[in-house]
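Written below as C-alpha cells is the structure these notes are about.
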Amino acid sequence: MHQIKNITKIYETGTLKQKALDDVSFNLRDNEFVSILGHSGSGKTTLLNVIGGLDRYDSGDIVIDGISTKEYKDKDWDSYRNHSVGFVFQSYNLIPHQSVLSNVELALTISGISTKIRKEKAIKALKEVGLEDHINKQPNQLSGGQMQRVAIARALVNEPDILLADEPTGALDTTTSLQIMDLLKKVAKDRLVVMVTHNAELANEYSNRIIELQDGKVISDSNPLTINEVTDGKHENMGKSAMSFLTALSLSFNNLKSKKARTFLTAFAGSIGIIGIALILSLSTGVNNYIKKVQEETMVSYPITIDRQSFDLNGLFESQDEQDPQSFSRNNLSTPLDPKAVTSNSNSLERMSTANSSLKDNNLSSFKKYLEKTDNNIKPYVGKNGIVYSYTLNFDLFTYDEENILINTDGSSFSDEKPQLDQFQGPSGSMGTDHKKISELMPDTGKGLISPVIKENYQVVYGKWPEKYDELVLQVNESQEMNLSELYELGFLPIKEYQEILDQINKGEKPKLEEKKVDLKTITTQPFFILPSSEYYIEGDKNVFRDLKEDSKSLENLVEEKGIKIKIVGVLKPKEDAKTLVITSPLAYTRALRDYLIKYNSQSDVVVYQKENPTINVLTGLPFERDTIKEKIKDTYEYLANLSLKEQTEFMNTFQATQTIDQDPISNESANLDNQSDFAEQFERLVDNLEEEDLLSIYENAIASESFDNNMEKFGVINLDSPSSINIYADNFADKEAISSAIEDYNQTVDDEEKITYSDFTGLIMSSVTEMVNVITYVLIAFVSVSLLVSSIMIGIITYISVLERTKEIGILRAIGASKRNISTVFNAETIIIGLLSGLLGIGFTYLLHPPINQLLSNLIDSDVAMSLSLTNGLILILLSVILSFIAGLIPAKQASRKNPVEALRSE
C-alpha cells in the first residue's frame, strides 16, 4: 500500500519557479488499475515519476507499506525501483543495441540474479506477452506493439509490486492500443497498476479508479481510499543493485558493435597517441640497442685497466686544471706586485710533484683475491667479456728466413740499421711503440681459448683457429696486406733485401720498393722458435749462471737446442662489419702457450737452483744482502774479479764518466785478444786504486740492487696470483661507473698500500658521449609525455561524446534500478574497451610501420639503428592505453552517473 501525503514538486529554471505538484495526497491499494488523467502540463508524468522514485519530491511524504521514504537515499530509491517498480513508457525505451531477451534480462541482471535463472524468467515473461518467437531479435526488428510488449515484459520480469505506465498506448494504433490495455488489465489483477493517459475513453473502460489532475492538484478521485494513520514501519533496503562488470562490458561492447565503422574510427583516433608513443619507444629501443652495441664494442677496446704501476690520471688532470698557468693572476698571490722584480711562479714544479706522486704501486695480488670472491661488489656489473688477468711473459721469438739466417722477430736484429722513424710503425700499419710482433689473444671467460669477441670481429682466410699451445695465428688487414717491414722481420722475405733497403734509407736515398707477395701456405709452413728467458742462463763455474743474451755466437745453438717450436695455423683478417679490433700484433697466441711457458720457466735449471738458494744471487754467486762493510767490500772485489771482458769495458767507461776522468771511452774492439793483457792490467790498476767509498757505491748499485724477486722476473717466472695487469670489462657506461664506484668502496676498506689506482680512459674520453645519450633520452621522454597527454585528452572527449549519445540509455538503466555506480561502471567498461581497441590498433600499426621506417633509416643514415618494439613493451603499451582510457573516462563516467534519470529519459 502506497500513501501519497501532501507531495509538492517545484521545478526551478533560473529565477522562474514552476509548481508541478501542489500538495497532492491520495492512497493506493495493493492491486488496482488506477488511471491518472489531465491535460498536458497538469503534472501527470511528474506524479508518476515521483511515485516510481525516478524524481524526488520537495515536500510531503510517500509511505510504502507503512515505511516513510523521507530518509531514503539514492541507493534506497535504486533498490525500490529495481525490486518494487516496473516502468512502461510511451516510447518503449528499449536499448537498441541489446536483443529482446537481453532487454528483458537487464532488470534481473541489475538485481544480481544468476545467468541461468534470469534467462528462464525472461523467456517466461516474454511468453506471457506473446513474444516467445522473437527473443533473439533486435528491437528495431519489431513493430510498435511488439516493442511495447517487450517493455511490459521487462517491467514484470522482476515481479514488482507496482507497474507504472506512462502513456503506454500514445504511440500505437487503436487495435494495438486495445491489446496493450487488455494486457495491463490482466496484470492489474494481482498488483497495482498506475497509468498516466490523456485518453479518457480507455481510462474509463479499463481502469477501476480514475484520478484527475489539474495544475498540479488532484481535482477528482473516482474511488478514493481512506485509511487511518499508519505507524511507520522499520526502514530496510530491499537489496542493492548488483550489475556485474561483465554485464557492463556486454552493454558497452554491444553498443560499440552496433556502430562498427564509428567505433573503428574512434579507436583509431585514440590509437594515434599510442602509435606515437610506440614509434618513439621503438626508435628509442633501436637507438638504445645501437648505443648498447657501441658501448659493448667500446668497452672491449677500453676496459678498466689496473696495472702494477698506474698513474692517477683523473687526479692529475684535476690538479692541472687547478694549476692552469693560463688562469694564473695576481689575485692568486698573497704579496703585492713589485714592478721592479720578477716574481717566481711555482706551478710547474707543483705539477711535476703532482705527476711524480700520481705514479702508484698497486697490490694486484690482494685485489685479485677480492675479485675472486663470490660476494664482491664488482661482480654484478662485469660484462660478458669478464675479467682478464694479464701476465708479462719474458721470451724472444726467432725464425729463419729462406736463406736460413736466424732472425729475432722483435726487430732487434736490425736495430742498428733501422731509421728512427720506424720506431713509430706498429703492427699492420698502426702507430705505436711496441716492437713485439706477438701478443696473447683475448681469452674466453669460460674454458675456451679464444674470446667470442675475437671470432665475432675476425675471420679465418686460411687455415684454422689455434687449438694447442704451439699454434699461432697471423693477422692481416682488410685488404689481406701486411707492412713490408713486418714481412721481412718475420722472416717471410730474405733479410738481405731488407738490410739493403735500410742502408739506402739511412744514406738519404729513396729505395725502389716493389710489391711483394707471400703464399699463405708458405706462411703456415714456416717454423718459429720461442726461447724463454730462463734458457739464456747457462750454469758455469762455482754454480754461477752466465747470461748468453749478448753472446751472438752461442745464440743460434741455444735456439736450436732450447727453442720451443711453434707454427702459424691460421691467417686472420677483420670482418667487413668489425667494430672491435683487439689484436695488437701480427702474431698472436692463446693462453695455452702462456700456461705452458709459465710451467716451463718454473722448471728450468736456473729457476730451480735459485729457489733452492734464495739468499744467493745465482748470477754472481754472492749473497743478496750483507750486514757489515767488510763483507760488502769483499763481495765487491769478488764481483769485479768475475766480470767478463765486455763487462769490464762497460764498468770502466761508466766509472770514468761518474768520476769525470778526462779519458777517451774504451771500446769493445780495443779490448780484444791482441791487447787483452794490457787491458787486464789497466782494469786491475783501476780496481786496486778504488777507495772504500767507491767500493761501497759499486756494491749498492751493482750487487745490493738485485734481489730474489728481480732474478725471478729476469728468468721469466710468473706467479698466477700476481698478474701484471687486470682488465675489467663492462658492457655499458653505467656498469663501468658502477665498477669504478665499487673499486672506490674497496679502497675505503683497505690500508693505503693496498689501495687501487687505475687509468679510466673511457671516463676521460667518453663522458661527453654519456651526456649526449642522456640528452637524447630526455628528449624522447618529452615526446612521449606529449603523446600521452594528447591521447588522454582524445579518449576523454570520445567518452564524453558517448555519454551524450547514450543519455537515454542512462535513463532506462536508472528506471529499472541501476545505481549511479552501475552507470559509472558501464561507461568505465566502454572506455576500457576503447582503450583496448586503441592499444591493439596502435601496436598493430606500429609493427606494420617498422619495415618501411627501418628501410628509410637505412637509406638515410649509415648505421645499424633499427626500430624495434618488444612483445613485452607492446603489451605494456596496450595496458597503458587501457589505463589511460579508464582515467580519461572517469570524469565523463562520473558525469553520466549524475544525470537526472527523468531528463535522461526525455532526451533523444
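The values are calculated or read from the model by the stated rules, or taken from the named source; none is laboratory data. Not measured: the values here are computed from a predicted model. Cβ coordinates were reconstructed from backbone atoms using ideal geometry, including for glycine residues, and neighbour counts include every protein chain displayed.
Some values worked out for this structure:
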| quantity | calculated |
| --- | --- |
| Number of the condition not met by V100 [criteria: (1) of a type in the set (V, I, T); (2) modelled with pLDDT of 85 or more; (3) within 26 Å of I51 (Cα to Cα)] | (3) |
| From the options K553, K565, residue that is charged (D, E, K, R), under 20 Å from T524 (Cα atoms) and out of contact with any helix residue (DSSP H, G or I) (no Cβ under 9 Å at 6 or more places or on another chain) | K565 |
| Residue list for the range 580-632, filter: of a type in the set (K, R), more than 24 Å from L643 (Cβ to Cβ) and out of contact with any Pro (no Cβ under 8 Å at 6 or more places or on another chain) | R594, K599, K611 |
| Selected residue [touching a residue at least 24 places away in the same chain (Cβ under 8 Å) and within 30 Å of R154 (Cβ to Cβ)] from I887, I891, I833 | I833 |
| Within the range 452-493, considering residues that are polar (S, T, N, Q) and touching a helix residue (DSSP H, G or I) at 6+ places or on another chain (Cβ under 8 Å), the one farthest from N404 (Cα to Cα) | N477 |
| Strands (runs of 3 or more DSSP E) contained entirely in the range 8-94, each with at least 2 residues that are assigned by TED's automatic domain parsing to the domain that holds E205 and basic (K, R) | 16-28 |
| Residue selected from the range 535-594 under the condition of a type in the set (G, A, S), touching a residue at least 24 places away in the same chain (Cβ under 8 Å) and out of contact with any Leu (no Cβ under 9 Å at 6 or more places or on another chain), by the criterion farthest from G411 (Cα to Cα) | A578 |
| Residue match in the range 729-739 (condition: at pLDDT 90 or above and polar (S, T, N, Q)) | no |
| The range 858-905 - residue that is surrounded by 13 or more Cβ atoms within 10 Å (Cβ to Cβ) and polar (S, T, N, Q) and, of those, farthest from the chain's Cα centre (by Cα) | N900 |
| Subset of the range 681-724 (residues that are touching an Asp or Glu at 6+ places or on another chain (Cβ under 8 Å) and within 16 Å of I598 (Cα to Cα)) | S724 |
| The range 76-94, residues that are farther than 10 Å from A155 by Cα, buried (at least 21 other Cβ atoms within 10 Å of the Cβ) and under 54 Å from the mean Cα position of the chain (by Cα) | D78, S79, L94 |
| Residue that is nearest to A588 (Cα to Cα) [pool: residues in the range 457-482 that are acidic (D, E) and touching a strand residue (DSSP E or B) at 6+ places or on another chain (Cβ under 6 Å)] | E471 |
| Residues of the range 626-655 classified as surrounded by 14 or more Cβ atoms within 10 Å (Cβ to Cβ) and part of a loop (DSSP other than H, G, I, E, B), total | 3 |
| Enumeration of residues in the range 541-592 that are in a strand (DSSP E or B) and under 38 Å from the mean Cα position of the chain (by Cα) | L572, K573, P574, A588, Y589 |
| Only one of Y462, Y469, Y488, Y498 that is hydroxyl-bearing (S, T, Y) and part of a loop (DSSP other than H, G, I, E, B) | Y469 |
| Inter-residue pairs, beta-carbon under 8 Å, first more than 22 Å from K575 (Cβ to Cβ) and in the range 435-454, second charged (D, E, K, R), 6+ apart | H435/D410; K436/D410; K437/D410; K437/E486; K437/E489 |
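Listed here are the residues, each with its yes/no results for (1) surrounded by 14 or more Cβ atoms within 10 Å (Cβ to Cβ); (2) at pLDDT 90 or above.
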{"site": "N208", "(1), (2)": "yes, yes"}
{"site": "Q214", "(1), (2)": "yes, yes"}
{"site": "V218", "(1), (2)": "yes, yes"}
{"site": "E236", "(1), (2)": "no, no"}
{"site": "A242", "(1), (2)": "yes, no"}
{"site": "A248", "(1), (2)": "yes, no"}
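A quick yes/no check of all residues on (1) closer than 18 Å to T807 by Cβ; (2) touching a helix residue (DSSP H, G or I) at 6+ places or on another chain (Cβ under 6 Å); (3) in contact (Cβ under 8 Å) with a residue 24 or more places away in the chain; (4) of a type in the set (D, E):
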{"residue": "I67", "(1), (2), (3), (4)": "no, no, yes, no"}
{"residue": "N82", "(1), (2), (3), (4)": "no, yes, yes, no"}
{"residue": "H97", "(1), (2), (3), (4)": "yes, yes, yes, no"}
{"residue": "T109", "(1), (2), (3), (4)": "no, yes, yes, no"}
